[in-house]
Amino acid sequence: MRDFSRDHRWLSINTATVRKSRGVDVPLLDILDACAARGIRAVAPWRDQVASAGLSKVASALKSHGLALSGYCRGGMFPATDGAGLQAAHDDNRRAVDEARTLGAPCLVLVVGGLPGALDGKAAHKDITRARAQVHEGIARLLEYARSCQMPLAIEPLHPMYAADRACVNTLEQALDLCDAIDPIPATADMRPADLGVAVDMYHVWWDPKLQAQIARAGQRRLLAFHVCDWLTPTTDLLLDRGMMGDGVIDIAQARGWVEDQGFAGYSEVEIFSAANWWQRDMGEVLDTCIARHRSAV
Ligand code: ZN
């Protein structure tokens, strides 16, 4: 297992972590400057932040700073109530693939969606089986395009509390079942990343009794991203109360050992949504804390 205690060369910052500084939105280009100034080598930006800053400006800022990406957030949200909605999701996901390619991302992260309309507070139906079928079909269709762009897709299983509104893929096992059904890996495979794999976000999967076994099942080729933060007790908000590594109950180092046992050698991406705590602090303090906790708690 890699020793993270001496430096932060394998730290990546998901830019949502410092989306706000002292409660105020931070422009993405300022985030990139602040990361580069601290010797952080990688980031994972969100599409809305990239759109606000301008895709080409972000691409050139990444280049001039020598910043890599650990992923691009995010595509997905496949389910819809009708054909037009499914097509709109597909078209938007193709654009996400194109952006990921422009930015040099190693993968596009997929948050697959749940019941149509639920995110806006009014689910159009209760048929989660149908939503899951649409997710299956949507990923399979997008994968054809993503392959032609050489952009791997990383399915991120979300904690079951998000099954209705954000993702009806809720365990690593379920995500890998999709991978195996849509993109079987031949037995003679080489070690390059699979076209379709998974993003393991500890916030979503830490509780899963099958976690270690499913990480082993995924293997190096399907392990495309590793996201870290912590689970606080109590958690006061289902979405926006993620903890800093070391402040909660997740044994992050143990799970990092499991992914590295499979040959994962990429970045540990810090992804914290924290409306009442970390987004209220100064961005510099948050980044410095991420560096310190990356060394001590990841
Ligand atoms: Zn994540």
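For the stretch 1-116, please list each of the helices (runs of 4 or more DSSP H) lying entirely inside it that holds at least 2 residues being closer than 24 Å to Leu142 by Cβ and either at pLDDT below 95 or more than 18 Å from the chain's Cα centre (by Cα) (or both).
Qualifying helices (runs of 4 or more DSSP H): 55-65, 83-103.
I'd like to know if the stretch 228-244 contains one or more residues that are crowded, with 17+ Cβ neighbours inside 10 Å and within 20 Å of Leu69 (Cβ to Cβ).
yes
Conditions first: (1) away from the ligand (no atom under 16 Å from the Cβ); (2) modelled with pLDDT of 95 or more; (3) over 15 Å from Gly75 (Cβ atoms); (4) surrounded by 15 or more Cβ atoms within 10 Å (Cβ to Cβ). Ile182 passes all but one, so which condition is the exception?
Among (1) away from the ligand (no atom under 16 Å from the Cβ); (2) modelled with pLDDT of 95 or more; (3) over 15 Å from Gly75 (Cβ atoms); (4) surrounded by 15 or more Cβ atoms within 10 Å (Cβ to Cβ), the lone unmet condition for Ile182 is (3).
Here is a yes/no grid of residues against (1) among the β-branched types (Val, Ile, Thr); (2) farther than 20 Å from Ala225 by Cβ:
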position	(1), (2)
His8	no, no
Ile13	yes, no
Ala16	no, no
Asp25	no, yes
Leu28	no, no
Gly66	no, yes
Ser70	no, no
Asp92	no, yes
Gly117	no, yes
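Can you say whether Gln150 is open to solvent by less than 60 Å² (accessible area, probe 1.4 Å) and among the polar types (S, T, N, Q), as far as the supplied structure shows?
no
Filtering the stretch 172-218 down to residues that are assigned to a loop (DSSP other than H, G, I, E, B) and among the acidic types (Asp, Glu), which residue is farthest from Gly71 (Cα to Cα)?
My answer is Asp208.
Can you tell me which of (1) closer than 24 Å to Asp3 by Cα; (2) over 15 Å from the mean Cα position of the chain (by Cα); (3) among the β-branched types (Val, Ile, Thr) is the one Val200 doesn't meet?
(2)
If I filter the stretch 247-269 for residues that are surrounded by 18 or more Cβ atoms within 10 Å (Cβ to Cβ), in contact with a Pro (Cβ under 9 Å, 6 or more places away or on another chain) and basic (Lys, Arg), do I get at least one hit?
No.
Out of the stretch 146-171, which residues are touching a strand residue (DSSP E or B) at 6+ places or on another chain (Cβ under 9 Å), aliphatic (A, V, I, L, M), assigned to a loop (DSSP other than H, G, I, E, B) and closer than 28 Å to Ile250 by Cα?
Leu158, Val169
The values are calculated or read from the model by the stated rules, or taken from the named source; none is laboratory data. Source: prediction; values computed, not measured. Reconstructed Cβ throughout: ideal geometry from the backbone, glycine too, with neighbour counts over all protein chains shown. Ligands, DNA and RNA are excluded from the accessible area calculation, which covers all protein heavy atoms including side chains. Shrake-Rupley method; radii C 1.70, N 1.55, O 1.52, S 1.80 Å.
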